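A.B. asks: One structure follows; several queries about it will come next.
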Amino acid sequence: MDELRAELDKLKRQGLYRQHRVLQSPQGTLTRINGRELVSFCSNDYLGLANHPAVRQALIDAVEKYGVGSGSAHLVNGHSQLHQDCAARLAEFTGRQRALLFSTGYMANLAVTSALLGREDFIFQDKLNHASLIDAGQISRARMLRYPHNDLVKLRAQLDQSLGQKPHSRRLIMTDGVFSMDGDYAPLVELADLAASTGSWLMVDDAHGFGVLGASGAGLAQQRKLDQDRLPVLMATLGKAVGVSGAFIAGSETLIELLIQKARSYIYTTASPPALAAAVMASIDIIERQSWRREKLHELIGHFKRKAQQLDIELMPSDSAIQPILIGENQRTVEVSRWLFEQGFHLVAIRPPTVPPGSARLRVTLSAGHEVADVDRLLSCLRSVLPSSAQVRQPG
Ligand SMILES: *Cc1c(COP(=O)(O)O)cnc(C)c1O
């Protein structure tokens, strides 16, 4: 225990200590924490669906009919009609042959690498990929190469080198669609070209694009018009814009059948409660029909960026709902986050190892549930606490 306490103390000294903030209200742009009302700018509930009446009602109705627990794994006794229908709905929505539900996005990512790849194979990952993709790469035992963020030249060189070494191995390129801590997009069309020309698989984790991007909200793949042939492994989560919980992989019938046979994070875990699948279907209906939510979100993003520029607040190159403000030093980022809490804003400090050392930040996320006035108040608070670009910035 002394050793563990020393480890904890070290994290505290480095400004890396993490603590819960306990919510006493439903998810929403207005939240209650420690008895205080706050405007939240750090939820991934981008469309305001986590507490939507129709989604709530779908869940309640399904509980009445199917109860709460699923009882066992999908391949034993836990796969209900609701799971079946939800997976079919997600396949249709994403324009894929078939989809498979997972309890979490983390597990969906583990599933792909562990089912598809072995020791002889290669994985290529963007250096800024989500931790669950990195862990998925490690668990597969395949050789993992990480390329600098969105660097297609470097990726091509790595692919070519692996082709020279082991032409018959499988190759899987894995990328976030919208980078979770940076908010910028992966060059999906170019990645699909590169995958095609090198005979590699391409997988996109669209946790932050699904629901938010594309004409009907089917995500970055829809926006970039990448079908199942060009983008054979599409993963997205259901706990962010969809507002529920879980994740899915969509692709060909063959891919999904292989995952069912071989993916340990699918086989060896209890199916999620069936009522969650009903809530997901209700949410997908809203996402598809109520395009005003996406439009409002994108108007707010535009407003945030314009206003920040007017106020000389430096942003990162992002057009998405994720608008990080780079601060750099861990302790300073925590202080700014605490100060914002005092001003009535909930915005956690994002620190290493979630982001690279020296790049701690406030990850502002916008939601269709915000109003322009919320954004303006946040920005004017930020203006008073951040250095302007004219002042010398701390080197990272
Ligand atoms: C949140 C997230 C995950 C994990 O999904 P969960 O359902 O929360 O486990 C995976 N990938 C990315 C890019 C994410 O942002």
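A.B. asks: Kindly list the residues of the stretch 342-368 that lie in the label zone of GLU37, defined by a backbone N under 20 Å from the point 7 Å along the Cα-to-C-beta vector.
C.D. replies: Once the point is set 7 Å along Cα→Cβ of GLU37, 342-347, 367-368 turn out to lie under 20 Å by backbone N, inside the stretch 342-368.
A.B. asks: For the stretch 281-292, just list the computed ³J(HN,Hα) in residue order, Karplus coefficients 6.51, -1.76 and 1.60, θ = phi - 60°, integers in Hz, with x standing in for Gly and Pro.
C.D. replies: 4, 5, 5, 4, 4, 5, 4, 5, 8, 9, 5, 4
A.B. asks: Tell me the mean residue ellipticity at 222 nm calculated for the chain from its helices only (DSSP H runs of n ≥ 4, each -39500 (n - 2.57), averaged over every residue, nearest 500).
C.D. replies: -13000 deg cm²/dmol
A.B. asks: Now for a separate question. Using a 1.4 angstrom probe, figure out how much accessible area the chain has per residue, in square angstrom, rounded to the nearest whole.
C.D. replies: Using a 1.4 Å probe on heavy atoms only, each residue of the chain averages 45 Å².
A.B. asks: Have a look at ALA91, ALA207, ALA73 and tell me which one the Gaussian network model of the chain (Cα, springs below 10 Å) gives the largest fluctuation.
C.D. replies: Of the options given, ALA73 has the highest mean-square fluctuation.
A.B. asks: Lys/Arg Cβ at +1, Asp/Glu Cβ at -1, dipole of the stretch 53-288 taken about the Cα centre: which of TYR268, ILE60, PHE93 is farthest positive-ward?
C.D. replies: Of the listed residues, the answer is TYR268.
A.B. asks: For the residue pair ARG289 and LEU30, what label-to-label distance in nm results when each label sits 7 Å from Cα along the Cα-to-beta-carbon direction?
C.D. replies: Label-label distance for ARG289 and LEU30, simple model: 2.6 nm.
A.B. asks: Also: Once phi is turned into θ = phi - 60°, what whole-Hz ³J(HN,Hα) does the Karplus curve with 6.51, -1.76 and 1.60 give for every residue of the stretch 29-40, x standing for Gly and Pro?
C.D. replies: Karplus-based 3J(HN,Hα) across the stretch 29-40 equals 6, 9, 10, 10, 9, 6, x, 10, 7, 9, 8, 8 Hz.
A.B. asks: Report, ordered by chain and residue number, the lysines lying within cross-link reach of LYS296, taken as a straight Cα distance under 27 Å and ignoring same-chain residues fewer than 8 apart.
C.D. replies: Reachable lysines: LYS225, LYS240, LYS305, LYS307.
A.B. asks: Between GLU299 and GLU3, what is the label-to-label distance in nm when each label sits 7 Å out along the Cα-to-Cβ direction?
C.D. replies: So the label points at GLU299 and GLU3 sit 5.8 nm apart.
A.B. asks: Report ³J(HN,Hα) in whole Hz for each residue of the stretch 54-68, in order, from the Karplus equation J = 6.51 cos²θ - 1.76 cosθ + 1.60 where θ = phi - 60°; Gly and Pro get x.
C.D. replies: Using θ = phi - 60°, the values come out as 5, 6, 4, 5, 4, 5, 4, 4, 5, 5, 4, 8, 10, x, 9 Hz.
A.B. asks: I've got another one for you. Heavy atoms only, 1.4 Å probe, whole protein assembly: order ARG171, ARG98 by accessible area, highest first.
C.D. replies: Ranked list, largest accessible area first: ARG98, ARG171.
A.B. asks: Would you mind pulling out the separation of the Cα centroids of the stretch 227-266 and the stretch 13-36, in Å?
C.D. replies: Using only Cα atoms to place each centre, the spacing works out to 31 Å.
A.B. asks: Please state the relative contact order of the stretch 53-288 as a whole percent: Cα pairs under 8 Å, 6+ residues apart?
C.D. replies: 31 percent.
A.B. asks: For a Förster distance of 30 Å, can you work out the FRET efficiency between the beta-carbons of LEU163 and LYS225, rounded to the nearest 0.05?
C.D. replies: Approximately 0.65, to the nearest 0.05.
A.B. asks: Oh, and also: Could you tell me the relative contact order of the chain? Use alpha-carbon pairs under 8 Å, at least six residues apart, and round to a whole percent.
C.D. replies: After rounding, I find 22 percent.
A.B. asks: Which value, in debye to the nearest 20, gives the size of the charge dipole of the chain about its Cα centre, when Lys and Arg are +1 and Asp and Glu are -1 at the Cβ?
C.D. replies: 620 debye
A.B. asks: Test of understanding: in a Gaussian network model of the chain with alpha carbons linked when under 10 Å, which of SER43, SER359, SER25 would top the mean-square fluctuation ranking?
C.D. replies: Sorting by GNM fluctuation, first place goes to SER25.
A.B. asks: On full extension of the chain, what length is gained from ALA131 through GLN19, given 0.36 nm per residue of separation minus the C-alpha to C-alpha distance?
C.D. replies: So the chain would gain 38.4 nm between ALA131 and GLN19.
A.B. asks: Okay, next question. Subtract the Cα-Cα distance of ARG119 and ILE139 from 0.36 nm times their separation in residues, and report this length gain in nm to one decimal.
C.D. replies: Between ARG119 and ILE139, full extension yields 6.2 nm more.
A.B. asks: Still on this model: In a shell of Cβ-Cβ distance under 10 Å around LEU30, excluding LEU30 itself, what net charge do Lys and Arg (+1) and Asp and Glu (-1) give?
C.D. replies: Residues close to LEU30 contribute a combined charge of -1.
A.B. asks: Using the basic label-point model (7 angstrom from Cα toward the beta carbon), what is the SER388 to ARG306 distance in nanometres?
C.D. replies: 2.1 nm
A.B. asks: Taking all protein chains as present, what is the carbon and sulfur share of the accessible area of the stretch 53-288, in % to the nearest whole number, probe 1.4 Å?
C.D. replies: Looking at the stretch 53-288 in its full context, I get 52 percent from C and S.
A.B. asks: Just ARG338, ARG170, ARG21 to compare: in a GNM of the chain, with alpha carbon springs under 10 Å, which one fluctuates most?
C.D. replies: Checking each option, the largest mean-square fluctuation is seen for ARG21.
A.B. asks: Something else about it: Going by amide H atoms built from the backbone, whose H comes under 5 Å of the H on ALA73, apart from near neighbours?
C.D. replies: Close amide H contacts, sequence-distant or interchain: GLY78, ALA271.
The values are calculated or read from the model by the stated rules, or taken from the named source; none is laboratory data. Not measured: the values here are computed from a predicted model. Cβ coordinates were reconstructed from backbone atoms using ideal geometry, including for glycine residues, and neighbour counts include every protein chain displayed. Quick note on the areas: whole protein, heavy atoms, side chains included, nothing else; ligands and nucleic acids left out. Shrake-Rupley method; radii C 1.70, N 1.55, O 1.52, S 1.80 Å.
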